[in-house]
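Data block below; observations after.
The values are calculated or read from the model by the stated rules, or taken from the named source; none is laboratory data. Worth saying up front: this structure is predicted, and the values here are computed from it rather than measured. Note: ideal-geometry Cβ built from the backbone for every residue, glycine included; neighbour counts use all protein chains shown. In case anyone asks, the SASA skips ligands and DNA or RNA and just uses the protein heavy atoms, side chains included. Shrake-Rupley method; radii C 1.70, N 1.55, O 1.52, S 1.80 Å.
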Amino acid sequence: MAIKEAERIQAVYAEGMRLMQSGDGEAALRKFAQVLNENPKIAEAHFQIARLFLGVDRLEPALHHAQQAVRLRPKVMDVWRLLSEIVMVLSDVDQRDIFRSAVDRSPLERGEKAALKTSVDFAGRTGPYQGDLPANVVETFLPKLEASQFAAAEQILRDVVGRYPKSAMAQNGLAVALLGTGKAQEALPVSEKAVRLDPSYTEARLNLARVLVALRRAPEGIHQCNLALRSVPGSVPALLCRVECNKALRRIPEVQADLKRALKLDRKNERANRMLLSVLVEAADYFAAEDLIERTWTPKNMPFAVAMHRAKILAETERTEEALAAYTEISRTFDEETDLAFKIADLNQSLGNFSAAEEHFEAAMADNPDRGEVFRLYLTSKKIPLDDPLVSHMEEKFNDPSVEAQSRAQFGFALGKVYEDQKAYDRVFDYIHPANALQKSTYNYKVEKRLALDRRILGAMQRVDWSNATVRTENTQTPIFVTGMPRSGTTLVEQIISSHSRVAGAGEVQRITRMAVELLGGEEMPMRPPSEIPPAALDAFADNYWGHLRRLQPDAEFITDKTIQTYMFGGLLKMAMPKCRIIVVKRDPRDNLLSMYKNVFPDGSHLYAYDLKWLAEVYRSSEEFLAYWREVRPDWIYEIQYEDLVANPEEETRKLIEACGLEWEDACLNFHENERRVNTLSLYQVRQPMYKSSTRAWERYGDALDELFEALGPEYAPAAE
């Protein structure tokens with residue numbers, strides 16, 4: 001290395017150290033990353049980056065950089081100690097074993113090796129907390145806490161805390177009771193005091209994490225879990241508490257990783273297995289969920305919640321009759337008050353059995369008068385007059401602050417549809433605007449994170465010379481990706497294509513985008529361009545994905561996947577599966593984004609849709625991707641304009657079917673007769689012949705959408721028409 005270059009790197013490193021010591025970790029991180037860009041073999045930079053990542057609880061990148069530092073400086077004990085601390089906080093059995101093997105191979109002294117290996121012993125659990133209260137006092141409140149009788153426990157514990165103000169156990173018990181009665185804000189200082197009184201009290205620290213989650217401060221909750229794991233590595237309760245925190249932040253990969261860690265430590269842990277099952281179902285990983293059920297529970301010992309998940313899995317994987325039979329069996333077997341009527345109604349509605357669905361929806365509404373979701377879904381396929389008693393009921397609930405916020409939002413969206421159906425357009429946004437505000441307020445979502453990920457993915461794609469990219473021909477997978485913005489017409493287009501005799505529709509599989517991000521390097525690590533991905537990894541990616549589709553549709557030659565964001569990964573998909581087709585559905589963004597803003601998406605998805613400016617920003621991001629693919633490989637995507645499709649259905653459908661590499665079949669014009677299950681917001685529309693009434697719908701609403709038009713840009717302002 002030239003002297004001047006070494007001096008420059010040393011100066012950048014010194015500036016990073018100064019910034020880190022002044023508390024500006026983000027700026028320091030950028031400086032150390034700059035050092036590694038110049039020379040990736042600077043162990044000190046890896047070490048400091050690992051420290052910074054550990055300090056902000058980003059464990060996977062911390063692990064990566066600490067491992068690099070150890071590889072480069074295997075004789076430095078401080079580097080090994082940092083790596084051992086990260087392994088302790090991760091509490092990952094596999095990483096522990098890798099660490100121990102690396103220690104054995106290291107040039108360290110025998111005593112140093114022994115100390116390091118001992119440091120990552122996983123206790124797995126701690127003994128019961130002995131506390132600092134007399135046993136007879138503990139017996140006055142502990143049974144009530146264990147029975148979830150929180151109000152009664154609170155009364156007792158207030159007296160106990162008064163008599164024993166320095167008891168960590170009493171303070172923690174009161175915090176648990178307060179949280180149980182919904183007083184999270186009041187519980188916070190009590191919980192913090194319990195931890196201050198006894199920092200080694202693991203349960204108090206985990207309860208503080210739960211209080212922080214309840215206050216929407218989940219990142220701080222994660223930090224408390226990590227502090228607990230530093231003291232008790234391998235603690236399954238601490239891992240499951242971290243799962244709760246990450247779940248609140250919708251960090252699904254982290255949730256799944258921690259659940260797998262917990263189950264490696266305690267394979268039969270009932271709570272961990274149930275949590276993993278719930279996460280797999282929410283992530284639409286239905287076959288993995290079904291495998292977990294079969295491994296863990298028998299029909300005789302299957303709990304109610306597991307049975308409900310199993311019925312949902314059957315429904316989502318097109319085993320409709322089995323799903324209906326499963327719900328019927330649940331109603332005979334369990335006494336729990338359930339939402340079976342709602343589940344059966346939802347299933348029938350998705351199959352187009354609207355009359356059967358209506359009967360069950362009516363029962364569900366009677367059982368759940370405060371649950372807005374039931375009313376909204378009921379009205380998805382039904383129009384009612386403004387003087388219908390349901391309207392006054394929904395308005396009462398919508399305006400009742402005692403009704404849960406998300407439920408009020410659902411009532412608002414339902415009322416917006418009622419007024420729109422009756423052409424009372426001047427009233428629609430009296431409900432839609434506040435309903436979106438309620439939805440937005442219930443999530444800790446920042447659109448900037450989504451847009452930053454978009455930029456990183458696009459940046460990875462732009463680092464490839466696609467004109468010379470190697471696209472292998474031996475892979476035979478034949479997915480047809482139908483992609484575009486939500487509510488752009490993707491469900492309609494998939495329904496048309498899947499009406500072909502050689503095609504089966506898999507719906508919105510979701511799996512492919514998660515797999516693609518992981519293949520590129522993941523959300524936390526620098527993304528590599530697709531051209532740097534080894535062929536074996538591309539093959540494994542394609543085989544894994546196509547194998548999943550084949551389990552969903554085992555007999556089809558072609559399978560559609562309507563996962564929305566696949567337009568981002570066009571080149572990667574063509575490299576991995578050269579026979580795939582990518583169909584992009586376009587729609588006037590004013591109609592497209594209006595339709596999104598008027599609707600509710602499945603819990604946790606498309607959270608940017610509840611803010612007009614965010615909608616415009618995500619739309620512009622999608623346009624950047626499409627403009628890029630049009631420029632570099634227009635032959636890899638086929639764009640269909642929704643407005644053209646509804647204006648000239650036969651002409652556009654014929655071109656669409658040709659673009660899919662299929663011969664023409666008249667059934668594609670009769671898509672509304674297709675009996676496949678549809679589980680999207682368009683489930684009613686695709687059961688009807690094609691219509692034009694949803695074009696230029698934005699013109700009905702006057703200035704209610706001015707914020708959207710302004711965010712989209714002057715070319716979409718009404719005056720520009």
statement: Going through (1) under 25 Å from L607 (Cβ atoms); (2) loosely packed, with under 13 Cβ neighbours inside 10 Å; (3) small (G, A, S) one by one, A435 fails only at (2)
query: How many of the residues in segment 591-605 are crowded, with 21+ Cβ neighbours inside 10 Å and charged (D, E, K, R)?
result: 1
- prompt: Do we have L386 as aliphatic (A, V, I, L, M) and farther than 24 Å from Y286 by Cβ here?
  reply: yes
field: helices (runs of 4 or more DSSP H) (entirely within segment 327-439) containing at least 1 residues that are out of contact with any Cys (no Cβ under 9 Å at 6 or more places or on another chain) and modelled with pLDDT of 85 or more
entry: 354-367, 372-380, 389-398, 405-421
- line: Going through segment 270-320 in order, the residues found to be open to solvent by 30 Å² or more (accessible area, probe 1.4 Å), assigned to a loop (DSSP other than H, G, I, E, B) and either touching a residue at least 12 places away in the same chain (Cβ under 8 Å) or at positive phi (or both) are E318
message: For the condition open to solvent by 60 Å² or more (accessible area, probe 1.4 Å), over 23 Å from F601 (Cβ atoms) and either among the charged types (D, E, K, R) or in contact with a His (Cβ under 9 Å, 6 or more places away or on another chain) (or both), what is the one hit in E362, E395?
response: E362
- line: Residue hits (segment 53-78; open to solvent by 50 Å² or more (accessible area, probe 1.4 Å) and under 18 Å from D104 (Cβ atoms)) are Q67, R71, R73, K75, V76
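Yes or no, residue by residue, for (1) at pLDDT 95 or above; (2) part of a loop (DSSP other than H, G, I, E, B):
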{"residue": "L227", "(1), (2)": "yes, no"}
{"residue": "P233", "(1), (2)": "no, yes"}
{"residue": "V243", "(1), (2)": "yes, no"}
{"residue": "K260", "(1), (2)": "no, no"}
query: With (1) open to solvent by less than 20 Å² (accessible area, probe 1.4 Å); (2) assigned to a helix (DSSP H, G or I); (3) under 29 Å from R196 (Cβ atoms) as the list, and P237 as the residue in question, which single condition is left unmet?
result: (1)
statement: Taking segment 155-167 and keeping residues farther than 16 Å from A204 by Cα and assigned to a loop (DSSP other than H, G, I, E, B) leaves Y164
- prompt: Can you name every residue in segment 510-531 that is open to solvent by less than 10 Å² (accessible area, probe 1.4 Å) and assigned to a loop (DSSP other than H, G, I, E, B)?
  reply: P529
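Residues being among the basic types (K, R) and under 22 Å from A228 (Cβ atoms): count how many of those fall in segment 86-111.
Residues that pass the stated criteria total 1.
Taking segment 532-558 as the region of interest, how many residues are within 24 Å of S488 (Cβ to Cβ) and over 24 Å from the mean Cα position of the chain (by Cα)?
Taking segment 532-558 and keeping what is within 24 Å of S488 (Cβ to Cβ), we get 545, 549, 552-553, 558.
From the residues that got through so far, the ones that are over 24 Å from the mean Cα position of the chain (by Cα) too are 553, 558.
Of the residues in segment 532-558, 2 are within 24 Å of S488 (Cβ to Cβ) and over 24 Å from the mean Cα position of the chain (by Cα).
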message: Restricting to segment 22-45, name every residue that is β-branched (V, I, T) and either open to solvent by 80 Å² or more (accessible area, probe 1.4 Å) or more than 12 Å from A69 (Cα to Cα) (or both).
response: V35
query: Among the residues of segment 115-135, is there at least one that is more than 23 Å from R230 (Cα to Cα) and in a helix (DSSP H, G or I)?
result: yes
message: Please go through segment 540-551 and give me each residue that is open to solvent by less than 50 Å² (accessible area, probe 1.4 Å) and either touching a residue at least 40 places away in the same chain (Cβ under 8 Å) or in contact with a strand residue (DSSP E or B) (Cβ under 7 Å, 6 or more places away or on another chain) (or both), ordered by number.
response: A542, Y545, W546, H548, L549
message: If a residue must be surrounded by 13 or more Cβ atoms within 10 Å (Cβ to Cβ), over 17 Å from F558 (Cα atoms), out of contact with any helix residue (DSSP H, G or I) (no Cβ under 7 Å at 6 or more places or on another chain) and among the charged types (D, E, K, R), how many such residues does segment 638-668 contain?
response: 4
- prompt: Which of the residues that make up segment 475-491 are farther than 22 Å from V618 by Cα and surrounded by 23 or more Cβ atoms within 10 Å (Cβ to Cβ)?
  reply: P479, I480
- line: With criteria (1) open to solvent by less than 10 Å² (accessible area, probe 1.4 Å); (2) at pLDDT 95 or above, R581 comes up short on (1)
In segment 5-50, the residues that are in a helix (DSSP H, G or I) and small (G, A, S): A6, A11, A14, G16, G25, A27, A28, A33, A43, A45, A50
query: Could you say whether any residue in segment 478-490 is assigned to a helix (DSSP H, G or I) and at pLDDT below 90?
result: no
message: So for segment 245-260 (the condition being under 9 Å from S91 (Cβ atoms) and either basic (K, R) or touching a residue at least 60 places away in the same chain (Cβ under 8 Å) (or both)), does at least one residue qualify?
response: no
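Here's the yes/no breakdown for (1) open to solvent by less than 30 Å² (accessible area, probe 1.4 Å); (2) at pLDDT 95 or above:
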residue	(1), (2)
V103	yes, yes
G124	yes, no
V137	yes, no
S148	no, no
field: Residue among I222, I252 that alone is modelled with pLDDT under 95 and of a type in the set (V, I, T)
entry: I252
- request: Just one of (1) more than 23 Å from L249 (Cα to Cα); (2) part of a loop (DSSP other than H, G, I, E, B) trips up A170, so point out which.
  value: (2)
field: Residues of segment 438-454 satisfying the condition of being open to solvent by 40 Å² or more (accessible area, probe 1.4 Å) and in contact (Cβ under 8 Å) with a residue 24 or more places away in the chain
entry: K440, S441, N444, Y445
- prompt: What pairs come up if the first residue lies in segment 29-58 and is acidic (D, E), the second is open to solvent by less than 40 Å² (accessible area, probe 1.4 Å), and their beta carbons are under 7 Å apart, counting only those six or more places apart or on different chains?
  reply: E38/I9; D57/I222; D57/N226
